[in-house]
1. More than 16 Å apart: what percent of Cα pairs in region 1-51 qualify?
2. How far, in nm, would the chain grow between Glu136 and Arg232 when pulled straight, counting 0.36 nm per residue and subtracting the alpha carbon separation?
3. Which lysines have a Cα lying under 26 Å from the Cα of Lys133, excluding residues fewer than 8 positions away in the same chain?
4. Given 4 °C and 1.567 mPa s, compute D for region 206-262 with the Stokes-Einstein relation, Rh being the Kirkwood radius over Cα pairs; round to the nearest whole µm²/s.
5. Could you state the accessible area per residue of region 220-349 in Å², with a 1.4 Å probe and every protein chain left in place?
6. What value does region 269-338 have for Rg/Rh, both radii from Cα atoms and Rh as Kirkwood defines it?
7. Pull up all non-local amide H partners of Arg315: gap of 5 or more, or a different chain, and H-to-H distance under 5 Å with H placed in the peptide plane.
8. Return the FRET efficiency for the residue pair Glu70, Ala15: r is the Cβ-Cβ distance, R0 is 22 Å, and the value is rounded to the nearest 0.05.
Amino acid sequence: MPRDYYEVLGVPRSADTKQIKSAFRRLARQYHPDVSQEADAEDKFKEVSAAYEVLSDDEMRARYDRFGHEGLNGASGFSQGMGGFGGLEDIFDIFNSAFGEQRGGRRRGPSQGADKRVRVTIDFIESVFGVDKEVEFLRLESCEDCDGSGAAEGSRTVTCRTCNGSGELRQVQQTLLGSMVRTQTCPSCGGKGSSITKPCRSCDGSGRRRQRALLTVKIPPGVSEGIQIQVRGEGDAGEHGAPAGNLFVVVHVKDHSYFKRSENDIILDININIAQAALGDTIQVETVDGMVALDIVPGTQTGKIFRLRGRGFPRLRADGSSSGRGDQLVGVTVLTPTNLSEQQRELFSQLAETFGHDISPQRGGRGWFERMTDFIAGDDK
């Protein structure tokens, strides 16, 4: 699971826009791959950029504060593969003067592979216990013919004439603050500073080819609709040996014909006859674990809710492990018979004489909806 975005930027949840931007500038200078020497600088830079993209937008921040990372599915550019930040060029205006001269003529190294996203559908029971699913998708893989180099056999490397081997083009701009240096990747060589005389015919010199991949993904127990599972290193291959991107598997859970989910609890509605309700009975009800005995107490009314403990969904922790299971809530509806035999009608007539015919309104009672709300909240006494 991604880290909390406020923790990433090191700001409190009450931070204003100025504090968030200030924290982002400081961390972006610290971790930008063209400046930082730390081994994981690029990953940290992406994490910081994702946090800033969400927390600097009022609408996305409100959604994140309410629903966490799951509330950002499809809303954040970063969650779709850094769509909102294309690299240094897209955020350069925020802290232009901090980099200008430091980057000098430094070449851009091979780019990490892009992240991929694939959707997988599982059924309700599989979402309870987990399942291994095969997913098929297209991705860029290292070209086998040139071993990812992009060069055909016998090809040689020549210095790029556009940038004279620096990999970058620099432009000096005069502003009110003085001279500002803006640097961009050389469009001719893509920042490598050189080119090959004879590109590989299979991949047109890119070193990568689009292939169909088939992968088995482990879906953990207790997953809910829309959750994303990250599989590291299974996205697009990086350029010329750079690390591969990641695969994000978005889970869709199909509805069950009679089970429903409420957080970690499973809800099941059943019907019983009037005799079972009045006299009580022991019946068999279905759970995700199989049939279980349930004692119907004498005098059960429509709307009565019974709790089967430990028959719900696993309670997932942030690290993907689970801690116990929720419960199954069984809501009862007492059916009034409509097609009585002559014998049944005679028996009901005799019974009716003992009850009388007076009708009294309910006073201060709690309805079925309120009782179900109490059960979900754990107040079932």
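The values are calculated or read from the model by the stated rules, or taken from the named source; none is laboratory data. Predicted model only: the values in this text are computed from it and were never measured. When we count neighbours, we look across all protein chains shown, and the Cβ atoms used for this are built from the backbone with ideal geometry, even at glycine. Protein only, heavy atoms only, side chains kept; ligands, DNA and RNA dropped before computing areas. Shrake-Rupley method; radii C 1.70, N 1.55, O 1.52, S 1.80 Å.
1. Values: 462 of 1275 pairs.
The answer is 36 percent, as a whole percent.
2. Values: separation 96, 0.36 × 96 = 34.56 nm, distance 1.61 nm.
This chain segment gains 33.0 nm when fully extended.
3. Lys116, Lys218, Lys254, Lys260
4. On the way: Rh = 14.0 Å.
Result for D is 93 µm²/s.
5. Working: 6950 Å² over 130 residues.
About 53 Å² of surface per residue is accessible.
6. Numbers: Rg = 15.0 Å, Rh = 13.4 Å.
Dividing the radius of gyration by the Kirkwood radius yields 1.12.
7. Amide H neighbours of Arg315, under 5 Å, 5+ apart: Ser323, Gly324, Arg325, Gly326.
8. Values: r = 22 Å, r/R0 = 1.00.
So the FRET efficiency works out to roughly 0.50.
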